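Single-structure report; data block below.
The values are calculated or read from the model by the stated rules, or taken from the named source; none is laboratory data. All values derive from a computational prediction rather than experimental measurement. Cβ coordinates were reconstructed from backbone atoms using ideal geometry, including for glycine residues, and neighbour counts include every protein chain displayed.
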Amino acid sequence: MASEALRRKAQADAILERAAFQLADLLREAAAELRPFPPFPNALFTNAIEVDIGPLANNPDVGCIVVAEDGELYELQMGIDHESIELTGSWDPVTARKETLKKVELHPRDQVLYLYEALRLVTEELLEREAARGGA
């Protein structure tokens, strides 16, 4: 009985991993078509689209998830670059700005949710651009 339950669990895990792999491929393909990639709101140096799965997000250790130009998922971390302030001797809002894309490791269950939402958002952006060009 226990071995059958474990077999089903292993099979379900394999299905999720395969789905995540296939969604990641589709997302990279779609992101490659989206040039120029849109700038992230209020960011100075980052081109990315926020991927918000709302109440389905269940990992409090992960912040703002974005899909970047390479079609990969990252956590966008924004802050102040204290080293540049020390080097220049002044506080300039542009040079002091620190924007970092940190690769995220997600459980396949969460990865499927984020990848699907990212693909939906990139596809929506592609369709909006096509409509703005007159459907050409």
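Within region 45-57, the set of residues being of a type in the set (A, V, I, L, M) and closer than 14 Å to VAL122 by Cβ comprises ALA48, ILE49, VAL51.
The residue list ASP25, ASP61, ASP70 contains one member that is in a helix (DSSP H, G or I) and under 22 Å from the mean Cα position of the chain (by Cα), which is ASP25. When you check GLU72 against the structure, is it at pLDDT 95 or above and surrounded by 15 or more Cβ atoms within 10 Å (Cβ to Cβ), yes or no? The answer is yes for GLU72.
Restricting attention to region 18-45, the residues being among the polar types (S, T, N, Q) and either under 13 Å from GLY71 (Cα atoms) or touching a Ser or Thr at 6+ places or on another chain (Cβ under 9 Å) (or both) number 1. The set of residues from region 105-124 being surrounded by fewer than 17 Cβ atoms within 10 Å (Cβ to Cβ), assigned to a helix (DSSP H, G or I) and among the acidic types (Asp, Glu) comprises just one member, GLU124. If the condition is being of a type in the set (A, V, I, L, M, F, W, C) and out of contact with any Asp or Glu (no Cβ under 7 Å at 6 or more places or on another chain), then region 50-75 contributes LEU56, ALA57, VAL67, ALA68, LEU73. Residues in region 32-57 that are surrounded by 14 or more Cβ atoms within 10 Å (Cβ to Cβ), of a type in the set (Gly, Ala, Ser) and within 14 Å of TYR116 (Cβ to Cβ): 1 in all.
For region 58-67, taking the residues that are in contact with a strand residue (DSSP E or B) (Cβ under 9 Å, 6 or more places away or on another chain) and touching a residue at least 24 places away in the same chain (Cβ under 8 Å), the one that is nearest to LEU126 (Cα to Cα) is identified as VAL67.
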